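Enquirer: Please read through the structure below; I'll follow up with questions.
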Amino acid sequence: VFQHGGGGVMIEGEVQRFLVGCALAALNLLYAREVVIRAKVPPGWVRLMLFLPCLASHVLYPASNFDPMKETMASAVSFTNFGWWTNFKLMGLAFGRGQLVGKVGSPLMFLAAGALPIKEEGRDPKHSSGRRTRSASAAEAKVARDLSPSATLARACCRIPVLCTVIYAAPRLQVGSFALNLCYSFGLYAVLGFIFDIAGLVSSTVFSITLSPHFDKPFLSTSATNFWARRWNLVAGTLLREVIYEPIIEGSMTALPSKGSKKSRNPPKPSTARRLAATTACFLASGLAHEIIMWYMCGAREFGWEWTAFFTAQAPLCALEWFIKRQTKLRFPTPLAIVVFLTVQLTIAKFLFFPPVVRQGLDQRVINDVKRILGLP
């Protein structure tokens with residue numbers, strides 16, 4: 001047993017089973033790399049079929065080796081990271097998409113990019129060569145400082161007081177109230193941020209991977225589009241764009257040849273209807289993934305479909321924002337836009353996101369498990 005201050009304990013077997021899950025993911029990723037490099041299976045459905053055992057094991061292992069009712073955090077992290085995020089990376093690789101495509105030459109880099117919940121820095125082709133503006137260089141320097149190991153570690157440590165505040169404030173707030181839902185939102189942000197910070201710290205110090213921010217001050221979002229596309233959980237957002245959005249926009253599951261190659265072609269500009277369909281498909285896929293996670297975390301008791309509805313509802317909301325912005329001159333001052341966005345999102349969440357969390361007691365189990373891990377009374 002690992003002992004922590006305040007009498008909290010973390011069961012050794014829980015850690016060992018998580019490490020076994022990491023080892024399983026590593027073996028599956030190495031197998032996928034061999035399929036690409038040695039077997040030279042081209043991108044497409046055949047490659048995806050060869051990846052199916054890996055995809056299945058990433059779901060079945062955490063589902064059968066963790067008890068979500070008692071090991072809430074370990075269950076959630078294992079099932080979400082391997083069952084969703086690593087699997088989406090492998091699905092992208094199956095069709096020649098995503099960040100794993102550029103990592104097949106280096107086994108360690110390939111493993112880190114596939115197994116860790118990270119978002120690698122994306123290069124802007126406009127700035128890949130030639131003169132760089134002073135403002136662009138200054139912005140990149142600021143991002144580099146913010147993502148340095150020392151800054152990442154400091155940010156992870158700062159999230160712990162936020163978690164402690166949520167843990168002890170939540171029981172004092174009325175169930176279903178705006179204040180409690182906002183409190184839970186900050187708690188979710190702190191938990192996900194801590195996980196991404198630790199993963200980023202490992203990838204940047206051990207594997208020297210240059211990262212992009214995983215969050216960008218989400219509580220300063222001015223619209224649903226701004227929130228989902230640029231500020232909230234950019235790890236999941238990037239995967240959804242690579243695996244769902246881009247294939248629909250391009251009209252091809254397999255990635256199109258890059259510009260400059262002999263087989264390259266210029267796809268037609270996507271129509272508004274195609275963009276809306278791609279956006280809706282992304283939110284629907286995200287909603288279904290969250291619904292499966294909720295089903296698993298609640299002991300496979302029910303499919304309430306509320307989380308699916310919550311995420312799918314974001315698509316028409318983004319479309320409405322786009323229509324208003326394009327057809328009218330209505331613009332809110334930034335402070336007002338932030339208040340309007342938070343009010344709308346928390347109102348939708350009040351009816352669709354938080355009810356299953358409270359009804360299944362997931363909020364209390366998360367709080368109790370975080371207290372156990374941190375050794376809090």
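Enquirer: I'd like the carbon and sulfur percentage of the solvent accessible area for the chain, probe radius 1.4 Å, heavy atoms only, ligands and nucleic acids excluded.
Expert: Its accessible area is 67 percent carbon and sulfur atoms.
Enquirer: OK, next. Could you work out the relative contact order of the chain? I mean the mean sequence separation of Cα pairs under 8 Å and 6+ apart, divided by the number of residues, in percent.
Expert: With pairs under 8 Å counted, the relative contact order is 22 percent.
Enquirer: Hey, if we sort TRP228, TRP295, TRP305 by accessible area with the 1.4 Å probe, largest down, what's the order?
Expert: Highest to lowest solvent-accessible surface, that is TRP305, TRP295, TRP228.
Enquirer: So what does LEU108 come to for accessible area, using a 1.4 Å probe and Å² rounded to 10?
Expert: About 110 Å², rounded to the nearest 10.
Enquirer: Would the chain count as rounded, prolate or oblate if I go by the C-alpha gyration tensor, calling it rounded below 1.5 in a/c and otherwise prolate when a/b exceeds b/c, oblate otherwise?
Expert: Rounded shape, in that the Cα axes give a/c under 1.5.
Enquirer: Sticking with this structure for a sec: Just give me a number: lysine pairs in the stretch 1-120, eight or more positions apart or cross-chain, with C-alpha atoms less than 19 Å apart.
Expert: Lysine pairs meeting both conditions in the stretch 1-120 amount to 5.
The values are calculated or read from the model by the stated rules, or taken from the named source; none is laboratory data. Here the structure is a predicted model, which is why all the values come from computation and not from measurement. Surface areas here come from the heavy atoms of the whole protein model, side chains and all, with no ligands, DNA or RNA. Shrake-Rupley method; radii C 1.70, N 1.55, O 1.52, S 1.80 Å.
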